[in-house]
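Chemist: The structure that follows is given in the form of structure tokens.
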Amino acid sequence: MITRQLNFKVLQAKPRSNSLKSFHSLEHGHHMFDQIPHPNAASTNRSMLDCLRKNLPFQALDIFKRHLQLGFVDNVDHVTVALAIKACHGDPKPGCQIHGFAVSSGHVSYITVSNSLMNMYCKSGQFAKALCIFENLIDPDIVSWNTVLSGFQKSEDALSFALRMNLNGVVFDPVSYTTILAFCSDDEGFLFGLQLHSLAMKFGFDCEVFVGNALISMYSRCRQLVEAQRVFDEMPNRDLVSWNAILSGYTQERDHGLEAVFTFIEMVREGMKLDHVSFTSAVSACGQERNLELGKQMHGLIMKTGYGRHVSVCNVLMSLYSKCEVVEDAKLVFQIMNDRNVVSWTTIISVNEEDAVSLFNEMRLDGVYPNDVTFIGLIHAISIQTLVKEGQMIHGFCIKTSFLSEPNVCNSLITMYAKFEAMQDSLKIFEELNYREIISWNALISGYGQNGLSQEALRTFLSAIMESKPNEYTFGSVLSAIGAAEDISLKQGQRCHSYLIKLRLDTDPIVSGALLDMYAKRGNICESQKVFCEMPERTQFSWTAIISAYARHGDYDSVIKFFKEMEREGVRPDSITFLSVLTVCGRKGMVDVGRQLFDSMVKEYQIEPSAEHYSCMVDMLGRAGRLEEAEDLVSQIPGQPGLSVLQSLLGACKIHGNMEMGERIADALMEMEPTESGSYVLMSNLYAEKGHWEKVAKIRKGMRERGVKKEIGFSWVDTSVVRGSLCLYKFSSGDMSHPQTEEIFRMAECIGLEMKFLRERKREGESICKITSYKIDR
DNA sequence: AACTGCCTAA
């Protein structure tokens, strides 16, 4: 980082005669080059100026062109040329023509004409031309310097130019201060801004409203709101812009929405006349605060003051209503708008996902061209509705309009195809990316994970870390893939963990939640516990993760302990938390506790029970033999009871040998899912236990006829240490395909023997705390 | 007659 240091000596020097003085007394200083004006030139200038004042630049330009076409070159002086350049309004086409005329007529030697030209080129985005004119000026004045200064794109370059002004002995005028301050935004800019502030104070320029406003804005951008407020408070006169500047300062800073709201209220109290800038900031603050009531009041004020159809104001109002989940009101705002821009359409597409595609078409008919954000919203809407055809069409549209070079659009498409279960297409888009940033890698990894392709997810992760720096989302996705996979060695998870510690990401809330979950799913609850203990802050998410982890291991006491602790710390449980707690109650047979918790979930926490909650409750009641109660609960489920609920109930019938209820449930299940093997197997086992062999045979026959196959169960053995592969070895019973089958069988026998031995010792009252790890000898 | 300030939303 370069530390920019202003030369105070130069800046404190006496202002040159043509800078400050002329700024303050425009009407006196500038006529020394004027020739005695041609009487017609004066009238031309007057009428052009008139048009410009009425905001009719095209008419002003027409007057100028007509004069030239009719050969009234004498009607034109350097003031006319300057006015004509101004009338171009940043349009370089007529601008270049007038530039040519100014050169051939010699008017370009007037500094005002050159300054106007430079300004025109800056406004039209042809900064290089402006700079070229500047470098050829023999005697640039302060306006020339300021004009070039205002044209820079990068603040880095602008600040360097300000230093060059300083070195050349140019004394800043108020316009210079305002212009430079607008470029001070980062840490380095802040240091520069501080120096400018003290200088401005020395010269008394900080009393100028413009400079004060620029200072407020600079401090706001540099997140120094206390300073911004101080400048505001100490200003001798404030205008609307000053108020808007401090208002937007609070709006942009996170967690300062309330201050923004107070500022707005003060503005109203002081009787300030509000404009669209005030309203956009104030409504945005309401949105951040999710304060719908105040937002509605502001909307009323907006209607009253006549800004009810202003594009930007309407756009933020839509955003406010969508954030506060009153989508209908957002739609109403959209309907009353006269002019809708890209942002308006993109907002309504994102808010109104069901109609996203037709809204997109309407937008095209309205003549509004989409941008990358539009596509991100549209593709998201298409993804969550799984509209495959539309998705492909939008993909085609993006290819045709070269939006595929927008990285964010590509990332959305990768996610979309992953949702469509078309990972080849996701991969294709990924491979055609110009630049693979970590977000794209993340989209691919999480896509593989969500499609159950855990090994691919892991392989992609390993490639990703070779060329990009992974972030918390990368680890979140890969850890969830490893957690879900039975055939990936836990060593891969441990590798991720070590890498996380190295990157100091292991305490991030997203990552540690995923880590905890991964260990729990892969059977290492001790590690889960450790991760939980090391979390710096415990959110609802982390509490739920540790509770599910213990629930997965059937540890009733720990689950209840953590659940109570969570409630004690005032963290609200969610539907997943309850699911874990209820599951473990069922396993332990704590039916009454479970019932009580279920009721408190519905009544106290107003959580709508899902199909999983119901099947969990049914399972719990069923296991305890309270079959009638369970069936009663099934009948209370709104809509049709799902597959899993009925399967739980059937399982309970099997356990307690209730054939009559079992038959009823099994019939319903076989009708719902004729190819699902579970219900057939359960029912046939139930008949078998009761000795109804002819019914068993009938079910088996039915299974064969309908083509129901029982899924094969697999086990895994970790040979990754030996073979150096990523994955575990999968085998089923009687499987002899592994090259080390013999050793594996021998080892299995040993494990069996040791288990038997330990069981006997336990019966004798010894506690077992040692788990032996086995290695296969080669 | 030339140069400067507040803007938010997807």
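The values are calculated or read from the model by the stated rules, or taken from the named source; none is laboratory data. Because the structure is predicted, anything quoted here is derived from the model rather than measured. No Cβ is skipped: glycine too gets one built from the backbone with ideal geometry, and neighbour counts run over all protein chains shown. Side chains are part of the model used for accessible areas, which takes the heavy atoms of the whole protein and leaves out ligands, DNA and RNA. Shrake-Rupley method; radii C 1.70, N 1.55, O 1.52, S 1.80 Å.
Chemist: Of all helices (runs of 4 or more DSSP H) completely enclosed by segment A:569-626, which ones contain at least 3 residues that are open to solvent by 20 Å² or more (accessible area, probe 1.4 Å) and more than 29 Å from residue A:537 (Cβ to Cβ)?
Modeler: Hits in segment A:569-626: A:591-603, A:611-623.
Chemist: List, please: which pairs have Cβ atoms under 6 Å, are six or more places apart or on different chains, and start with a residue in segment A:695-712 that is farther than 17 Å from residue A:685 by Cβ and without any contact (Cβ under 8 Å) to a residue 12 or more places away in the chain and end with one that is in a helix (DSSP H, G or I) and of a type outside the set (A, V, I, L, M, F, W, C)?
Modeler: none
Chemist: Of everything in segment A:178-189, what is more than 8 Å from DNA strand B (Cβ to nearest atom) and touching a Phe, Trp or Tyr at 6+ places or on another chain (Cβ under 9 Å)? Give them in sequence order.
Modeler: Result: A:180, A:183, A:184, A:189.
Residues are listed down the side, and each one gets a yes or a no for (1) in contact with a Phe, Trp or Tyr (Cβ under 7 Å, 6 or more places away or on another chain); (2) hydroxyl-bearing (Ser, Thr, Tyr); (3) assigned to a loop (DSSP other than H, G, I, E, B):
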{"site": "A:491", "(1), (2), (3)": "no, no, no"}
{"site": "A:506", "(1), (2), (3)": "no, no, yes"}
{"site": "A:517", "(1), (2), (3)": "no, no, no"}
{"site": "A:528", "(1), (2), (3)": "yes, yes, no"}
{"site": "A:536", "(1), (2), (3)": "no, no, yes"}
{"site": "A:541", "(1), (2), (3)": "no, no, no"}
{"site": "A:560", "(1), (2), (3)": "no, no, no"}
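Chemist: May I pose another question? Just checking, how many residues over segment A:237-295 are within 12 Å of DNA strand B (Cβ to nearest atom), farther than 25 Å from residue A:207 by Cβ and of a type in the set (Val, Ile, Thr)?
Modeler: Result for segment A:237-295: 3.
Chemist: What's the number of the only condition in (1) open to solvent by less than 30 Å² (accessible area, probe 1.4 Å); (2) within 11 Å of DNA strand B (Cβ to nearest atom) that residue A:150 fails to meet?
Modeler: (1)
Chemist: Right, next: Of all residues in segment A:621-654, how many are over 22 Å from residue A:671 (Cβ atoms) and touching a Phe, Trp or Tyr at 6+ places or on another chain (Cβ under 9 Å)?
Modeler: 0
Chemist: Then there's this: Mind checking which residues of segment A:545-558 are of a type in the set (S, T, N, Q) and touching a Phe, Trp or Tyr at 6+ places or on another chain (Cβ under 6 Å)?
Modeler: A:558
Here is a yes/no grid of residues against (1) of a type in the set (A, V, I, L, M); (2) touching a strand residue (DSSP E or B) at 6+ places or on another chain (Cβ under 7 Å); (3) at pLDDT 80 or above:
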position: A:701; (1), (2), (3): no, no, yes
position: A:711; (1), (2), (3): no, no, no
position: A:719; (1), (2), (3): no, yes, no
position: A:739; (1), (2), (3): no, no, no
position: A:742; (1), (2), (3): no, no, yes
position: A:752; (1), (2), (3): no, no, yes
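Chemist: Check residue A:482 against each of (1) within 24 Å of residue A:573 (Cβ to Cβ); (2) more than 24 Å from the chain's Cα centre (by Cα) and name the one condition it does not meet.
Modeler: The single condition residue A:482 does not satisfy is (1).
Chemist: Out of the residues in segment A:414-459 that are in contact (Cβ under 8 Å) with a residue 40 or more places away in the chain and open to solvent by less than 70 Å² (accessible area, probe 1.4 Å), state the one that is farthest from the chain's Cα centre (by Cα).
Modeler: Top of the filtered list is A:455.
Chemist: Report whether or not residue A:172 is buried (at least 23 other Cβ atoms within 10 Å of the Cβ), in a helix (DSSP H, G or I) and not aliphatic (A, V, I, L, M).
Modeler: Values: buried (at least 23 other Cβ atoms within 10 Å of the Cβ): yes; in a helix (DSSP H, G or I): no; not aliphatic (A, V, I, L, M): yes.
No.
Chemist: Hey, which of the helices (runs of 4 or more DSSP H) in segment A:362-480, taking only ones fully inside, have at least 1 residues that are modelled with pLDDT of 95 or more and on the phi > 0 side of the Ramachandran plot?
Modeler: Ranges flagged: none.
Chemist: Among the residues of segment A:311-356, count how many are more than 9 Å from DNA strand B (Cβ to nearest atom), outside any helix (DSSP H, G or I) and open to solvent by 50 Å² or more (accessible area, probe 1.4 Å).
Modeler: Going through segment A:311-356 one residue at a time, the tally reaches 4.
Chemist: Determine if segment A:150-158 includes at least one residue that is under 19 Å from residue A:52 (Cα atoms) and not charged (D, E, K, R).
Modeler: Scanning segment A:150-158, I find no residue that is under 19 Å from residue A:52 (Cα atoms) and not charged (D, E, K, R), so the answer is no.
Chemist: Filter segment A:663-687 down to residues that are of a type in the set (D, E, K, R) and either touching a Pro at 6+ places or on another chain (Cβ under 9 Å) or assigned to a helix (DSSP H, G or I) (or both) and give me whichever is nearest to residue A:643 (Cα to Cα).
Modeler: So, considering only residues that are of a type in the set (D, E, K, R) and either touching a Pro at 6+ places or on another chain (Cβ under 9 Å) or assigned to a helix (DSSP H, G or I) (or both), the one nearest to residue A:643 (Cα to Cα) is A:671.
Chemist: Could you check residue A:636 against (1) farther than 30 Å from residue A:491 by Cα; (2) open to solvent by less than 40 Å² (accessible area, probe 1.4 Å) and say which number it fails?
Modeler: Every condition holds for residue A:636 apart from (2).
Chemist: If you scan segment A:639-648, which residues turn out to be part of a helix (DSSP H, G or I) and surrounded by fewer than 19 Cβ atoms within 10 Å (Cβ to Cβ)?
Modeler: A:643, A:644 - these are the residues of segment A:639-648 that are part of a helix (DSSP H, G or I) and surrounded by fewer than 19 Cβ atoms within 10 Å (Cβ to Cβ).
Chemist: Just checking, how many residues over segment A:249-261 are open to solvent by 30 Å² or more (accessible area, probe 1.4 Å) and of a type in the set (Ser, Thr, Tyr)?
Modeler: 0
Chemist: Right, another one. Applying the selection to segment A:330-366, what residues are free of Cβ contacts under 8 Å to residues at least 12 places away in the same chain and closer than 19 Å to residue A:309 by Cα?
Modeler: A:332, A:335
Chemist: May I ask you to say which residue of A:231, A:175, A:209, A:226 is of a type in the set (A, V, I, L, M) and away from DNA strand B (no atom under 14 Å from the Cβ)? Let's see the steps before the verdict.
Modeler: On the way: A:231 fails: away from DNA strand B (no atom under 14 Å from the Cβ); A:175 fails: away from DNA strand B (no atom under 14 Å from the Cβ); A:209 fails: away from DNA strand B (no atom under 14 Å from the Cβ).
None of the others qualify; the one that does is A:226.
Chemist: When you scan segment A:411-422, do you find a residue that is of a type in the set (Asp, Glu), in contact with a Leu (Cβ under 7 Å, 6 or more places away or on another chain) and farther than 23 Å from residue A:523 by Cβ, even just one?
Modeler: Checked segment A:411-422: no residue is of a type in the set (Asp, Glu), in contact with a Leu (Cβ under 7 Å, 6 or more places away or on another chain) and farther than 23 Å from residue A:523 by Cβ.
Chemist: Here is a further query. Based on what the data block shows, is residue A:392 away from DNA strand B (no atom under 15 Å from the Cβ) and free of Cβ contacts under 8 Å to residues at least 24 places away in the same chain?
Modeler: Details: away from DNA strand B (no atom under 15 Å from the Cβ): yes; free of Cβ contacts under 8 Å to residues at least 24 places away in the same chain: yes.
Answer is yes for this residue.
Chemist: Take the residues in segment A:296-310 that are within 23 Å of residue A:250 (Cβ to Cβ) and away from DNA strand B (no atom under 12 Å from the Cβ), then tell me which one is most open to solvent (accessible area, probe 1.4 Å).
Modeler: Here the answer is A:297.
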